[in-house]
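For reference, the structure is listed below as structure tokens.
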Amino acid sequence: MSKDVYILAIESSCDETAAAVVCNGRTVCSNIIFSQIELHKLYGGVVPEIASRKHIEKINPVIKEALKEAGLHLQDMDAIAVTYGPGLVGALLVGVAEAKAIAYAAGKPLVGVHHIEGHIAANYIEHPDLEPPFMCLVVSGGHTHLVKVLDYDCFEIVGRTRDDAAGEAFDKVARAIGLGYPGGPKIDKLAREGNPEAIAFPRAKVEGNEYDFSFSGLKSAVLNYLNQCEMKQIEVNRADVAASFQYAVVDVLTAHAIKAVKEMGWDKLAVAGGVAANSFLREHLKKACEREGLHLYYPSPVFCTDNAAMIGAAGYYAYIKGARSGLDLNAVPNLKIGER
């Protein structure tokens, strides 16, 4: 396309109210995020009703700030992109309703975006050389997938978690060792002080698909270890527990991802999702990719957690391929990847 394409993107799937302006799918003109983490810390996790109410309060100011920071007006936008699933239904509805209202009032095309496809697209923002096909390891609080990215709008899941997502396991273990919410960043920080080989936590293998994941047993093993220490009155080294647990998760994620890329005969592996910000995962994957002669891609931490720039990137590629959503677009909390 000869003309620059500007997308106003909206993301409200969980506890971040976000808006961004993205040009041609790769250039971020603005990326505004209002995080509710401090609010939900009081409850040890996200409270859906509170999240929805806060989205309603913040969504208009966040969109106005995104346009202002980009130095553009609503009339300059070519389309409005919005996350419509998966996520918390009440939170999603706020963003979807806002996007539909703006699209209708401004006479702009509306493009519904899958949240996980947005996470994958975050890699395009900082890696201009990255183009499909490639393998993507998606790791977040609600999802752990190995995805073949065959084209910008064509995805095939080759592996998924059978129970807890990696990020969910991080949160539960963090709570068990008294770190609080959000668990991922806190375990990442504490683990740097511990020995990752201090405790031999299990690595699960899933019957039926060698690329599937299971973290429920690992979580239970950590809880059993903590209970045994309490019963035997053994002092728990929290840093060692955090490091050993993190190593068990990262070891499995890395092994599955590397094997899947090699089996496809590709040389590109991308990482996406909130857990992609984990420093140990990045280091472990980097070393493994260097050994195997693979190219590793991952976004900056700000584009790993929920943000609207990634929705703008995914929205752009959907828009130029002709994808349009009607004003009957609805929130789909359990939306599967690849569905439209």
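The values are calculated or read from the model by the stated rules, or taken from the named source; none is laboratory data. All values derive from a computational prediction rather than experimental measurement. Neighbour counts run over all protein chains shown; Cβ positions are idealised from the backbone, glycine included.
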Next on the checklist: Pull out all pairs, ordered by first then second residue, where Cβ-Cβ is under 7 Å, the residues are six or more apart or on different chains, the first lies in segment 137-165 and is farther than 26 Å from Ala323 by Cα, and the second is aliphatic (A, V, I, L, M) and surrounded by fewer than 20 Cβ atoms within 10 Å (Cβ to Cβ).
Outcome noted: Arg162/Val206
Next on the checklist: For segment 88-132, give me the residue count where each residue is at negative phi and not in a helix (DSSP H, G or I).
Outcome noted: 14
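How many residues does segment 203-242 hold that are free of Cβ contacts under 8 Å to residues at least 60 places away in the same chain and under 15 Å from Asp164 (Cα atoms)?
Our first condition is that a residue be free of Cβ contacts under 8 Å to residues at least 60 places away in the same chain; within segment 203-242, this holds for 203-210, 212, 214, 216-237, 239-240.
Now narrow it down to the ones that are under 15 Å from Asp164 (Cα atoms): 203-206, 212, 214, 216-223.
Matching residues across segment 203-242 total 14.
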Checklist entry - Mind checking whether some residue in segment 91-111 is under 17 Å from the mean Cα position of the chain (by Cα) and within 30 Å of Glu57 (Cα to Cα)? => result yes
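Say we look at segment 253-283 and pick out the residues that are assigned to a helix (DSSP H, G or I) and more than 19 Å from the chain's Cα centre (by Cα); which of these is surrounded by the fewest Cβ atoms within 10 Å (Cβ to Cβ)? Talk me through it step by step, then tell me what you get.
We begin by selecting, within segment 253-283, every residue assigned to a helix (DSSP H, G or I); these are 253-264, 274-277, 279-283.
After this cut, where a residue has to be more than 19 Å from the chain's Cα centre (by Cα) as well, the list is 255, 258-264.
On the way: Ala255: 15, Ile258: 19, Lys259: 15, Ala260: 21, Val261: 26, Lys262: 15, Glu263: 12, Met264: 14.
Looking at the filtered set, the residue picked out is Glu263.
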Checklist entry - Name the residues in segment 24-62 that are assigned to a strand (DSSP E or B), farther than 26 Å from Ala169 by Cβ and among the aliphatic types (A, V, I, L, M), would you? => result Val28, Ile32
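Starting from residues that are charged (D, E, K, R) and buried (at least 22 other Cβ atoms within 10 Å of the Cβ), keep the ones in segment 76-126 and report whichever is nearest to Ala318 (Cα to Cα).
Residues of segment 76-126 that are charged (D, E, K, R), as a first pass: 76, 78, 98, 100, 108, 117, 126.
Subsequent filtering for residues that are buried (at least 22 other Cβ atoms within 10 Å of the Cβ) retains 98, 117.
Working: Glu98: 20, Glu117: 10 Å.
That would be Glu117.
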Item to check | Failed item in (1) touching a Lys or Arg at 6+ places or on another chain (Cβ under 8 Å); (2) surrounded by fewer than 19 Cβ atoms within 10 Å (Cβ to Cβ), with His145 passing the rest | outcome: (2)
Item to check | Some residue of segment 35-47 being more than 18 Å from Val302 (Cα to Cα), of a type in the set (S, T, N, Q) and assigned by TED's automatic domain parsing to the domain that holds Ile116 | outcome: no
Checklist entry - In segment 222-242, which residue that is in a loop (DSSP other than H, G, I, E, B) and modelled with pLDDT under 95 is surrounded by the most Cβ atoms within 10 Å (Cβ to Cβ)? => result Val236
